[in-house]
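The values are calculated or read from the model by the stated rules, or taken from the named source; none is laboratory data. This one's a predicted model, so the numbers in the text were calculated from it and none came from an experiment. Here Cβ is always computed from backbone atoms with ideal geometry, including for glycine, and neighbour counts include all displayed protein chains. Accessible surface areas use protein heavy atoms only, side chains included; no ligands, DNA or RNA. Shrake-Rupley method; radii C 1.70, N 1.55, O 1.52, S 1.80 Å.
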Amino acid sequence: MKKIVVYFIACALAASAWSCAEEGPRSKSIFEDPVMQPGSLDQWLLENYTYPYNIQFMYKLRDIETDRGYEMVPAIPDKALAVAKILKYMFYEAYDEVMGVDFMRSHSQRVIQVVGSGAYTTNTVKKGSAESGMKISLYLVNDLTIARVNQEVLSEFYLKTMFHEFSHILHQKREFTTAFKQITPSEYVNDEWMSDGNTLEIALQKGFISRYARAEPHEDFVEIIAFYVVKPDGWWEEQKRLAGDPGASLLDAKLDIVKSYLKESWALDLDVLHAVVQRRFSELGELNLEDLLK
Amino acid sequence: MKKRLYLALMILPLLCARCVPVVEDVFDSSAAERVTAKQRELRALLASAENGWLVDYYPDKQAARGGYAMHVRFHADGVADVVCERETFLPAGEVATSEYDILSDQSVVLSFNTYNKVMHFFSEPSASDVDGWAGDYEFILRESTSDKIEMVGKKWGRRLVMRRCDPAFDFQAYIDDVLATADLLSAFGMFAFQSNGEVLFTATVVDRTFDVSYQEINGTDTVEVTAKIPYIITDKGVRFYEPFTRTDKGVTIENFEWNNTDEKYVCVDPGKSVEGVIYFPADYELKYAEIPGKWILEYRNPNALQADTVEITQKKKNATYTLSCPKIFMFPFELTFVASKGTISLLTQALGFYEPTEHNIRATAYYYTPSTGGGNYYQDIGTRGLRGVWNHDEGGTRKITLVNNGTTTAPVGTYFGLTLRTFDKAGTYVGTFTANPGGYRFTELVLTKIDD
């Protein structure tokens, strides 16, 4: 019997060596690489986003890349360039300065999409959206008036969204302490955050930095980071004054957790990031938003 | 012996392990390769038309507004020049340049993927109109020849047909011809399309569509059929959105030229003898020529009833009139003839410039509340205003009562009409136009004809 087994194994080995012929790899991909014109916006994006950060910056709209529930139009390329320059300076390079360039290379969304119009419903317009840490879309890019770029407009339309969505990636990779959710455990209202009853005044009084922060704890958490970073010095104190008691102390309790989380989990000092972003706002005037070569 | 049998049984399955037989490929290349080849082909075809393509563009989910002629020139480097016959974010006839690409997500797709002030006018959403005009800017290739490309809008599904322009074609001249045709056609609101004297359907003009109705005999039943035929205005007439078929009559029609001498459409599809003649149904009110002349205008200002003689004259034939009475109106009004019904309308309108105060004067839809002495006016120029209701010459007197056309909600017990208001050069409201000789409030308007 042993012999049979040996024969059998020998035969099986021989058979396993006998397989179908394989075609070799094709010499050339069937997909055609886009031709990059030197000095073009595509080339600029390649050199400023793809090569340094491994990010695809999309400004040519493809409807399959958007939420087809909304009607949208593409970005004007000049405006897309301005937004690309602003994000690079105010967001990516701010993080580079604080954390070193590898931080964004490792953790940033892989795709940024800019869209000309907003995402309108009968009552609302969305300024941006994000897909599970992979992609972030910024809307209303065609509304950017390059001559009238200022901290308020940029924060409201683009930068707050960037800091907000990126902070989701951080807590998705390393969750924050459950103590955060316990500060205002019964005040989260999900979609009801949009209700007329949830005014900014009420949200502040209850210990939330924005109306949307009341949606759920993770939104609350990232709203604090986004607002804290983009708003000017003194803004947080002003919100506390508006919140009164107990809102002010609840806001501070949340901010303490946010700061220690970022420090302990990511070695990121929120105050340093705030200071860097504020300094960069003051330097924005030196940025040429219209010229590819400057 | 038994051992050999076992051995044979063990080896047998191994001998069965063979490659599957070679199956002949149906196609010479893979699906991806074929799509890529199609993309390359379409790119080359688009750019090969040196004088561009004439495009029948239909926005809207149901193409309910009809279509607009565009001209697109595709350059090989991915740049497209787009022009439209109608005003978009640019005036009619002005070129908007942007980029295009040939993609492959649902078959082969033509995408205008950077912002174009002409093309994206039809897709631009806003808070008040979340789908905009519901026009597409990504199109799936359906079929193509060297002279004609048929596509379908990816999101809203409207058909897009592109026809190659010959080297002598001049789109600016074509626009002029389209506008001239549109001008001629605007005079007529209803047509009866007939084949050899037999009526195929009657059609009411609504924007650039025919609201069609006809009776179809189905066995022993007679069925009332209604349909919509969106169309585009060409340099010579109209072209339907797609061929229209009256199945029971075996007639399919698509292209018509307008014969202005005989005032009728003539089908120019090969072998078809179909005409669209002007048609007045039994309940049609007044024809254009029956309105001009002298009328008594009764009105309230603000409470008291007043009456003055006004004159209505032809402004643009079959389209508008001028209503004047220097005694009460410093600026005459424009009346619109509603050709589909045979009636008139008086809408919110700009009247003119009043030099002493350097104000623009506007007549706006308005209601006066007698109980309070106040009123509400609506300054937006567009659809608000009054429509005429004819008394069918009862008692031998021709009367047209001008009532709220329904676009403004006026409370019960108020008087509806027009008010004259002033605006500064920036368009900001200033106040009532008190310099007008007949005052600034004209409500409860009734016209009575006094000569023939």
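Structural remarks
- Candidates B:TYR231, B:TYR241, B:TYR265, filtered to the one that is touching a Pro at 6+ places or on another chain (Cβ under 8 Å) and either in a strand (DSSP E or B) or surrounded by 14 or more Cβ atoms within 10 Å (Cβ to Cβ) (or both): B:TYR241
- All told, B:VAL178 meets the bar of being within 23 Å of B:LYS316 (Cα to Cα), modelled with pLDDT of 95 or more and out of contact with any Pro (no Cβ under 6 Å at 6 or more places or on another chain).
- Subset of the stretch B:47-64 (residues that are touching a residue at least 60 places away in the same chain (Cβ under 8 Å) and farther than 16 Å from B:ASP166 by Cβ): B:ASP56, B:TYR57, B:TYR58, B:PRO59, B:ASP60, B:LYS61, B:GLN62, B:ALA63, B:ALA64
- Tally of residues being open to solvent by 10 Å² or more (accessible area, probe 1.4 Å) and aromatic (Phe, Trp, Tyr) across the stretch B:59-97: 2
- Verdict on A:ILE183 being in a helix (DSSP H, G or I), surrounded by fewer than 19 Cβ atoms within 10 Å (Cβ to Cβ) and modelled with pLDDT of 90 or more: no
- Test: A:SER265 is free of Cβ contacts under 8 Å to residues at least 24 places away in the same chain and of a type in the set (Ser, Thr, Tyr): no
- Some residue of the stretch B:198-218 being over 28 Å from B:GLN314 (Cα atoms), open to solvent by 60 Å² or more (accessible area, probe 1.4 Å) and not in a strand (DSSP E or B): no
- Residues of the stretch B:127-156 that turn out to be open to solvent by 10 Å² or more (accessible area, probe 1.4 Å), more than 7 Å from chain A (Cβ to nearest Cβ) and within 19 Å of A:PRO74 (Cα to Cα), as a count: 6
- Looking across the stretch B:157-178 at every residue that is over 18 Å from B:TYR231 (Cβ atoms) and either touching a helix residue (DSSP H, G or I) at 6+ places or on another chain (Cβ under 6 Å) or crowded, with 20+ Cβ neighbours inside 10 Å (or both), the one that is nearest to the other protein chains (Cβ to nearest Cβ) is identified as B:PHE171.
- Residue match in the stretch A:179-201 (condition: under 20 Å from A:VAL229 (Cα atoms) and of a type in the set (Lys, Arg)): no
- Of all residues in the stretch B:437-452, those satisfying the criterion of being part of a loop (DSSP other than H, G, I, E, B), surrounded by fewer than 19 Cβ atoms within 10 Å (Cβ to Cβ) and of a type outside the set (D, E, K, R) are B:PRO437, B:GLY438, B:GLY439, B:ILE450.
- Residue within the stretch A:138-154 that is at pLDDT below 95, open to solvent by 50 Å² or more (accessible area, probe 1.4 Å) and under 12 Å from the mean Cα position of the chain (by Cα) present: no
- Flag set for B:GLY396, criterion: under 16 Å from B:GLU290 (Cβ atoms) and free of Cβ contacts under 8 Å to residues at least 12 places away in the same chain.
- For the stretch B:229-275, a residue qualifies if it is touching a residue at least 24 places away in the same chain (Cβ under 8 Å), within 22 Å of B:TYR214 (Cα to Cα) and small (Gly, Ala, Ser), and exactly one does: B:SER273.
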